[in-house]
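Okay, structure first, notes after.
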């Protein structure tokens with residue numbers, strides 16, 4: 001199938017706008033960021049959505065939905081003019097709101113009223129959702145805090161490539177870390193490590209830097225480039241060399 005030219009060289013940016021805002025007060029413990037996106041397409045566009053281990057609360061077309069952690073990429077069709085507002089919860093910190101293992105939401109989208117009740121607004125902005133969430137703050141949960149700290153460390157430390165190493169750093173067994181993530185993050189620590197290390201490739205591409213695929217495979221702890229390519233395709237939807245064309249400008 002011929003590739004949509006709007007995917008290439010960052011051309012998709014011409015039809016989309018993305019904005020972000022930080023949470024305030026006590027919500028900084030639970031919320032990573034607020035985000036909004038708007039688009040204007042004269043014909044439908046298949047938007048690639050690449051997962052991170054956040055739970056998202058989204059508001060679009062009068063419907064509020066919860067999106068659990070996704071184990072792979074998805075495509076969403078955008079057409080005409082539209083917009084969406086969302087809340088990205090810190091990985092590990094949605095469990096206190098849910099009151100159940102976050103793994104139950106993995107690869108699922110559910111109506112947000114199943115968690116937040118019918119008082120949840122059908123549309124939202126930063127001020128509205130901050131008032132709503134602030135009135136429903138859960139009590140302290142040290143296990144959720146621990147899970148969030150582990151994910152933050154994985155994201156920030158590019159040297160983390162092994163689950164046993166990050167488990168040992170926090171005084172946990174590998175099995176204990178897996179149980180912690182199933183309960184509070186909703187997806188396994190191996191996936192989270194892999195996702196954040198592969199994200200570094202897209203950062204280099206977005207900055208206009210070249211990528212030595214063999215070298216980066218070694219840097220990220222892969223046995224060879226073929227294993228890197230396989231994992232990259234699972235998460236990003238295509239091999240890394242093909243994905244790089246999204247950033248090429250000439």
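The values are calculated or read from the model by the stated rules, or taken from the named source; none is laboratory data. Just so it is clear, the structure is predicted and the values come from calculations on it, not from any experiment. Cβ: placed from backbone, ideal geometry, glycine included. Neighbour counts: every protein chain shown.
Observations on the structure shown:
- When 68, 62, 82 are screened for being over 22 Å from residue 202 (Cα atoms) and loosely packed, with under 11 Cβ neighbours inside 10 Å, only 62 passes.
- Region 104-119: number of residues that are under 18 Å from the mean Cα position of the chain (by Cα), assigned to a helix (DSSP H, G or I) and surrounded by fewer than 18 Cβ atoms within 10 Å (Cβ to Cβ): 1
- Matching residues in region 30-46 - criterion: being surrounded by fewer than 18 Cβ atoms within 10 Å (Cβ to Cβ) and touching a helix residue (DSSP H, G or I) at 6+ places or on another chain (Cβ under 8 Å): 40, 41
- Set 147, 207, 168, 156: member being under 30 Å from residue 76 (Cα atoms), modelled with pLDDT of 90 or more, outside the structural domain of residue 119 (by the TED database) and out of contact with any helix residue (DSSP H, G or I) (no Cβ under 8 Å at 6 or more places or on another chain): 156
- Scanning region 219-231 for residues that are assigned to a helix (DSSP H, G or I) and modelled with pLDDT under 85 yields a single hit, 219.
- Single match in 129, 154, 216, 166 (criterion: in contact with a strand residue (DSSP E or B) (Cβ under 8 Å, 6 or more places away or on another chain), assigned to a helix (DSSP H, G or I) and surrounded by 18 or more Cβ atoms within 10 Å (Cβ to Cβ)): 129
- Test: residue 177 is surrounded by 20 or more Cβ atoms within 10 Å (Cβ to Cβ), more than 18 Å from the chain's Cα centre (by Cα) and not in a loop (DSSP other than H, G, I, E, B): yes
- Flag if residue 88 is assigned to a loop (DSSP other than H, G, I, E, B) and out of contact with any helix residue (DSSP H, G or I) (no Cβ under 7 Å at 6 or more places or on another chain): no
- Answer from 138, 189, 142 - the residue that is over 22 Å from residue 235 (Cα atoms) and either touching a residue at least 24 places away in the same chain (Cβ under 8 Å) or surrounded by 18 or more Cβ atoms within 10 Å (Cβ to Cβ) (or both): 138
- Whichever residue in region 17-40 is free of Cβ contacts under 8 Å to residues at least 40 places away in the same chain and outside any loop (DSSP other than H, G, I, E, B) and, among such residues, is nearest to residue 91 (Cα to Cα): 28
- If only residues of region 50-77 that are in a strand (DSSP E or B) and modelled with pLDDT under 90 are counted, the one that is nearest to the chain's Cα centre (by Cα) is 74.
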